[in-house]
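> Can you read through this structure? Questions will come right after.
The values are calculated or read from the model by the stated rules, or taken from the named source; none is laboratory data. Keep in mind that this is a model prediction, so the values were computed, not measured. Quick reminder, even Gly has a Cβ in these numbers, built from the backbone with ideal geometry, and neighbours come from all protein chains shown. Remember, those area values only see protein heavy atoms, side chains included, never the ligands or the DNA or RNA. Shrake-Rupley method; radii C 1.70, N 1.55, O 1.52, S 1.80 Å.
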Amino acid sequence: MSLNIEDNEVDIVIAALRSDLTAFMEKWRPFFSRFHLIIIKDPDVEEDLQIPPGFDHQVFTKSDMAQILGATSINFTGHSCRYFGYLVSHKKYIISIDDDCLPARDNAGTLVDAVAQHIVNLKTPATPFFFNTLYDPFCKGADFVRGYPFSLRNGVECVLSCGLWLNIADYDAPTQVVKPNDRNVRYVDAVMTVPVRALMPVSGINFGFNRELLGPALLPGLRLAGEGKERWETMEDIWCGLCTKVVCDHLGLGVKSGLPYVWRGDGVDVRGAMDSLKREWEGVKLMEEIVPFFQSVRLPSTAVTAEDCVIEMAAMVKEQLGPLNPVFASAADAMVEWVKLWKAVGSQGA
Amino acid sequence: MADSASIPNTPLLKDELDIVIPTIRNLDFLEMWRPFFQPYHLIIVQDGDPSKTIKVPEGFDYELYNRNDINRILGPKASCISFKDSACRCFGYMISKKKYIYTIDDDCFVAKDPSGKEINALEQHIKNLLCPSTPFFFNTLYDPFRDGADFVRGYPFSLREGVSTAVSHGLWLNIPDYDAPTQLVKPRERNTRYVDAVLTVPKGTLFPMCGMNLAFDRELIGPAMYFGLMGDGQPIGRYDDMWAGWCTKVICDHLGLGVKTGLPYIWHSKASNPFVNLKKEYKGIFWQEELIPFFQSAVLPKDCTTVQKCYIELSKQVREKLGKIDPYFDKLADAMVTWIEAWDELNPSGAAAEKPNGTAK
């Protein structure tokens, strides 16, 4: 990868759901240390954060958030605290990795620089209008295949890079219960553009995005009634990803999926997953309404920025999904509130 | 890769699958494939000079058709089968009586996976065809039915059954399938990246389908696999599989069938001459700029409930919308109709299963 990464273009946003970040940050040090880190302490975490020295970082706690946001209806606890980080960042690119993930090793045994890979993904074009069977044509050693129209070979800007996970894959609670010992050991050496109009579940565990272009499209919208700290107890990233993909498709921007991998977690607490299952069947059921809704969203041509798109979508959510479940009405409100916050806080110095 | 060892036996399907191979040279390459291909019936479609004898290695069960045979069997309808182009292979699809087809080029050999193990490409294609596809929502862990994978969090349960897989599109290590301009600019580039994934091409997404290493369910999609008019007497070449792929994908999307791409890899040994290729492809490079929007916007009416009906409808749209690009497309539209007539003649009675129309979305 010979692309130049300007250190001052990138913020790494970490949601600290645990107080002791020492092991996490030490392992990531080779890849994090040149960048500025924004660490958001989950308001529900009481102990002080333990952060090893040598990182250029800023920590935001509950009180910092209250001071900057004022009164807000958005709940920034748990995994959603990271959105606050997006708000206060001034950088072009944001990379975000869950605090229970460590660098993975590729098939050659080399530690993967997930940050660098996300940046490469974001700095090379995406190709959403026609699928390239050799995957990312901008990768070294690859290209567009025979039959790929030349007019589509410039590609479009990639604004979202969705990474993957080795070891504990990002499965929902039912799957975790049924397959507690399954580990993802398959390192698929590819990045690919998710085609236009194809929707997918975007996992918040390991991703990067272009904050300048996407702005408020990455949003804390859907909060499950019983949302918890385990990933399988949340849908915030799934909702956010669907909004973002619709926005990208509308604005002609690209989304990539694949590399980089991170190494996730130590094990699956099966009892925990079963408890979640009792409480969180909700999230799984909601997807049945959510997916058809997003597949049907058509944004007007007057929506030309991410912000416009979010406001339009919020209205559609309120109207079409709101009546089905109160969490949707709340999501719509949160989306509108988020844009307000973005205008007030987020666009400063961007 | 422990897949084929750890998964209890992928069925051989030896009585349900034909291997179709177009050739003008010889079939020496079959020696390397013997361990994997020998159980199967081969359909050899001999292109070029019919007086030449194609030597088939001992021990293979095969039928061979040259141009004379094609003319004899199809009569005037033989006009839809290309001459002096590997597009003639689609005659093999038409004449086959089996449920599945695997087609491979005669310069494609057995590849090795990263562990050094030889890849049984046919076995992987069978796995791909026998497992459902998931075209309505993209699974970020690729094929969820593979050993060691599953649907990720957020994947709606109602979409987890998937749909029938009609096409399995394999890839190539070594000489990549580039067009002539790219070959000229990058003559030394070799594909060395083994991407250990199979994935469903999403509904509504087109792709360039390469015929070098391709399998499909003939009963589900066979009539759509017409490889067009190429080669002798035609203004274009090297777009046969592309054409078939675009038609096939539009029809699969309409009928709710799945198309997969990715594994298996074969080893592509021969780089064709880029200057020869450029002459063949030249018009195609310009035409594809019109063809892609055409296929992307093609809509098939609800009453097209069989592949044949879809295909005839497509041929009408080709005539109507592409005829103005070049008279070739009028000829091609005619040939598409002839193909379906020939297909139905050779495959009478209920080979076209009615497919429910406009499923899911």
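> Which residue out of A:Val247, A:Val262 is closer than 20 Å to A:Phe209 by Cα and touching a Phe, Trp or Tyr at 6+ places or on another chain (Cβ under 7 Å)?
Working: A:Val247 fails: touching a Phe, Trp or Tyr at 6+ places or on another chain (Cβ under 7 Å).
Sole residue among the options that is closer than 20 Å to A:Phe209 by Cα and touching a Phe, Trp or Tyr at 6+ places or on another chain (Cβ under 7 Å): A:Val262.
> Please go through region B:256-276 and pick out each residue that is under 22 Å from B:Asn120 (Cβ atoms) and part of a loop (DSSP other than H, G, I, E, B).
Selection gives B:Ser269, B:Lys270.
> So is A:Leu134 facing chain B (nearest Cβ under 7 Å), under 20 Å from A:Thr193 (Cα atoms) and open to solvent by 10 Å² or more (accessible area, probe 1.4 Å) or not? Reasoning before the result, please.
Numbers: facing chain B (nearest Cβ under 7 Å): yes; under 20 Å from A:Thr193 (Cα atoms): yes; open to solvent by 10 Å² or more (accessible area, probe 1.4 Å): yes.
For A:Leu134, the condition - facing chain B (nearest Cβ under 7 Å), under 20 Å from A:Thr193 (Cα atoms) and open to solvent by 10 Å² or more (accessible area, probe 1.4 Å) - is met.
> Now for a different question. Given the conditions (1) open to solvent by 30 Å² or more (accessible area, probe 1.4 Å); (2) out of contact with any Pro (no Cβ under 7 Å at 6 or more places or on another chain); (3) outside any loop (DSSP other than H, G, I, E, B), report the number of the one that B:Ile70 does not fulfil.
Single failed check for B:Ile70: (1).
> Just a yes or no: is a residue in region B:113-124 assigned to a loop (DSSP other than H, G, I, E, B), closer than 25 Å to B:Pro22 by Cβ, of a type outside the set (Ser, Thr, Tyr) and in contact with a Lys or Arg (Cβ under 7 Å, 6 or more places away or on another chain)? Reasoning before the result, please.
We begin by selecting, within region B:113-124, every residue assigned to a loop (DSSP other than H, G, I, E, B); these are B:113-117, B:119-120.
Then drop every residue that is not closer than 25 Å to B:Pro22 by Cβ, which leaves B:119-120.
Those still in the list that are of a type outside the set (Ser, Thr, Tyr) too: B:119-120.
Okay, now just the ones that are also in contact with a Lys or Arg (Cβ under 7 Å, 6 or more places away or on another chain), so B:119.
Yes, region B:113-124 contains at least one residue that is assigned to a loop (DSSP other than H, G, I, E, B), closer than 25 Å to B:Pro22 by Cβ, of a type outside the set (Ser, Thr, Tyr) and in contact with a Lys or Arg (Cβ under 7 Å, 6 or more places away or on another chain).
> Looking at (1) open to solvent by 10 Å² or more (accessible area, probe 1.4 Å); (2) at the interface with chain B (Cβ under 10 Å from one of its Cβ atoms); (3) not in a helix (DSSP H, G or I), find the lone condition where A:Pro174 falls short.
All conditions are met except number (3).
> B:Thr134 versus (1) within 9 Å of chain A (Cβ to nearest Cβ); (2) open to solvent by 10 Å² or more (accessible area, probe 1.4 Å): which is the lone unmet condition?
(1)
> List every residue pair whose Cβ atoms lie under 6 Å apart, where the two residues are 6 or more positions apart in sequence or sit on different chains, the first residue falls within region B:218-241 and is more than 14 Å from chain A (Cβ to nearest Cβ) and among the acidic types (Asp, Glu), and the second residue, located anywhere, is assigned to a loop (DSSP other than H, G, I, E, B) and open to solvent by 10 Å² or more (accessible area, probe 1.4 Å).
So the pair list comes out as B:Glu219/B:Lys99; B:Asp232/B:Lys84.
> Name the residue that is farthest from the other protein chains (Cβ to nearest Cβ), counting only residues in region B:154-194 that are polar (S, T, N, Q) and either open to solvent by less than 10 Å² (accessible area, probe 1.4 Å) or not in a loop (DSSP other than H, G, I, E, B) (or both). Talk me through it step by step, then tell me what you get.
Let us first name the residues in region B:154-194 that are polar (S, T, N, Q), namely B:158, B:164-165, B:168, B:174, B:182-183, B:191-192.
Then drop every residue that is not either open to solvent by less than 10 Å² (accessible area, probe 1.4 Å) or not in a loop (DSSP other than H, G, I, E, B) (or both), which leaves B:158, B:165, B:168, B:174, B:182-183, B:191.
Details: B:Ser158: 6, B:Thr165: 16, B:Ser168: 12, B:Asn174: 12, B:Thr182: 6, B:Gln183: 9, B:Asn191: 7 Å.
So the residue we want is B:Thr165.
> Also: Within region B:25-61, count every residue that is of a type in the set (Val, Ile, Thr) and at pLDDT 95 or above.
The first filter runs over region B:25-61 and keeps only residues of a type in the set (Val, Ile, Thr), leaving B:43-45, B:53-54, B:56.
With the extra rule that they be at pLDDT 95 or above, the set shrinks to B:43-45.
Here the count works out to 3.
> For A:Gln58, all conditions in the list (1) in a strand (DSSP E or B); (2) closer than 18 Å to A:Cys101 by Cβ hold save one; what is the number of the exception?
(2)
> What are the pairs, 6+ residues apart or on separate chains, where a residue within region A:275-294 that is at the interface with chain B (Cβ under 10 Å from one of its Cβ atoms) has its Cβ under 7 Å from a residue that is open to solvent by 60 Å² or more (accessible area, probe 1.4 Å) and assigned to a helix (DSSP H, G or I)?
A:Val284/B:Phe157; A:Glu288/B:Ser158; A:Glu289/A:Leu324
> For region A:145-164, name all the residues that are open to solvent by less than 10 Å² (accessible area, probe 1.4 Å) and either facing another protein chain (nearest Cβ under 9 Å) or in a loop (DSSP other than H, G, I, E, B) (or both).
Taking region A:145-164 and keeping what is open to solvent by less than 10 Å² (accessible area, probe 1.4 Å), we get A:145, A:147-149, A:158-164.
A:Val145, A:Gly147, A:Tyr148, A:Pro149, A:Cys162, A:Leu164 - these are the residues of region A:145-164 that are open to solvent by less than 10 Å² (accessible area, probe 1.4 Å) and either facing another protein chain (nearest Cβ under 9 Å) or in a loop (DSSP other than H, G, I, E, B) (or both).
> Please go through (1) modelled with pLDDT of 95 or more; (2) away from chain A (no Cβ under 11 Å) for B:Ala197 and return the number of the only condition it doesn't satisfy.
If we test B:Ala197 against (1) modelled with pLDDT of 95 or more; (2) away from chain A (no Cβ under 11 Å), just (2) comes out false.
> Just one of (1) more than 22 Å from A:Val336 (Cα to Cα); (2) of a type outside the set (Phe, Trp, Tyr); (3) touching a Gly at 6+ places or on another chain (Cβ under 9 Å) trips up A:Arg264, so point out which.
(3)
> Separate question: What are the pairs, 6+ residues apart or on separate chains, where a residue within region A:247-260 that is under 23 Å from A:Ile311 (Cβ atoms) and touching a residue at least 40 places away in the same chain (Cβ under 8 Å) has its Cβ under 9 Å from a residue that is acidic (Asp, Glu) and in a loop (DSSP other than H, G, I, E, B)?
Cβ pairs passing all conditions: A:Gly252/A:Glu157; A:Leu253/A:Glu157; A:Gly254/A:Glu157.
> Another question, if that's okay. For region B:127-149, name all the residues that are in a helix (DSSP H, G or I) and touching a Pro at 6+ places or on another chain (Cβ under 7 Å). Give the steps one after another, and end with the answer.
Let us first name the residues in region B:127-149 that are in a helix (DSSP H, G or I), namely B:127-130.
None; the set is empty.
> Might you check whether a residue that is buried (at least 18 other Cβ atoms within 10 Å of the Cβ), in contact with a Lys or Arg (Cβ under 9 Å, 6 or more places away or on another chain) and not in a helix (DSSP H, G or I) occurs anywhere in region A:78-88?
Within region A:78-88 (the criterion being buried (at least 18 other Cβ atoms within 10 Å of the Cβ), in contact with a Lys or Arg (Cβ under 9 Å, 6 or more places away or on another chain) and not in a helix (DSSP H, G or I)), the answer is no, since none of the residues qualifies.
> Which of (1) of a type outside the set (A, V, I, L, M); (2) open to solvent by 20 Å² or more (accessible area, probe 1.4 Å); (3) more than 27 Å from A:Asp136 (Cβ to Cβ); (4) not in a helix (DSSP H, G or I) does A:Arg29 not meet, given it meets every other one?
All conditions are met except number (4).
> May I ask you to list the residues in region A:1-26 that are acidic (Asp, Glu) and part of a strand (DSSP E or B)?
Residues of region A:1-26 acidic (Asp, Glu): A:6-7, A:9, A:11, A:20, A:26.
Within region A:1-26, A:Asp11, A:Asp20 meet the criteria.
> Listed residues B:Ile43, B:Ile54; which is among the β-branched types (Val, Ile, Thr) and assigned to a loop (DSSP other than H, G, I, E, B)?
On the way: B:Ile43 fails: assigned to a loop (DSSP other than H, G, I, E, B).
Checking each option against the conditions leaves just B:Ile54.
> Considering only region B:237-268, state which residues are within 21 Å of B:Lys84 (Cα to Cα) and either surrounded by fewer than 21 Cβ atoms within 10 Å (Cβ to Cβ) or of a type in the set (Ser, Thr, Tyr) (or both).
B:Tyr239
> Condition first: assigned to a strand (DSSP E or B) and in contact with a helix residue (DSSP H, G or I) (Cβ under 9 Å, 6 or more places away or on another chain). Now tell me which residues in region A:90-125 satisfy that.
The first filter runs over region A:90-125 and keeps only residues assigned to a strand (DSSP E or B), leaving A:93-97, A:101-103, A:105, A:111.
Of everything in region A:90-125, those that are assigned to a strand (DSSP E or B) and in contact with a helix residue (DSSP H, G or I) (Cβ under 9 Å, 6 or more places away or on another chain) turn out to be A:Tyr93, A:Ile94, A:Ile95, A:Ser96, A:Ile97, A:Cys101, A:Leu102, A:Pro103, A:Leu111.
> Quick check on region B:20-58: of everything there that is more than 20 Å from B:Ala78 (Cβ to Cβ) and among the polar types (S, T, N, Q), which residue is most open to solvent (accessible area, probe 1.4 Å)? Walk me through it before giving the result.
As a first pass, look at region B:20-58 and keep what is more than 20 Å from B:Ala78 (Cβ to Cβ): B:25-42, B:53, B:55-58.
Checking the rest, the ones that are also among the polar types (S, T, N, Q) come to B:26, B:38, B:53.
Values: B:Asn26: 64, B:Gln38: 73, B:Thr53: 120 Å².
If we take residues in region B:20-58 being more than 20 Å from B:Ala78 (Cβ to Cβ) and among the polar types (S, T, N, Q), then B:Thr53 is most open to solvent (accessible area, probe 1.4 Å).
> Considering each residue of region A:182-226, count those that are more than 10 Å from chain B (Cβ to nearest Cβ) and without any contact (Cβ under 8 Å) to a residue 24 or more places away in the chain, and give that number.
0
> Please give the number of the condition B:His268 fails out of (1) in contact with a Phe, Trp or Tyr (Cβ under 8 Å, 6 or more places away or on another chain); (2) modelled with pLDDT of 95 or more; (3) closer than 19 Å to B:Lys331 by Cβ.
(3)
> Restricting to region B:195-207, name every residue that is touching an Asp or Glu at 6+ places or on another chain (Cβ under 8 Å) and open to solvent by less than 30 Å² (accessible area, probe 1.4 Å). Spell out the reasoning first.
Step one: filter region B:195-207 for residues touching an Asp or Glu at 6+ places or on another chain (Cβ under 8 Å), giving B:195-200, B:203-204.
Scanning region B:195-207 gives B:Val195, B:Asp196, B:Ala197, B:Val198, B:Leu199, B:Thr200.
> Going by what's in this entry, would B:Gly211 be described as at pLDDT below 95 and under 30 Å from B:Ala271 (Cβ atoms)?
On the way: at pLDDT below 95: no; under 30 Å from B:Ala271 (Cβ atoms): yes.
Taking the combined requirement at face value, the residue does not satisfy it.
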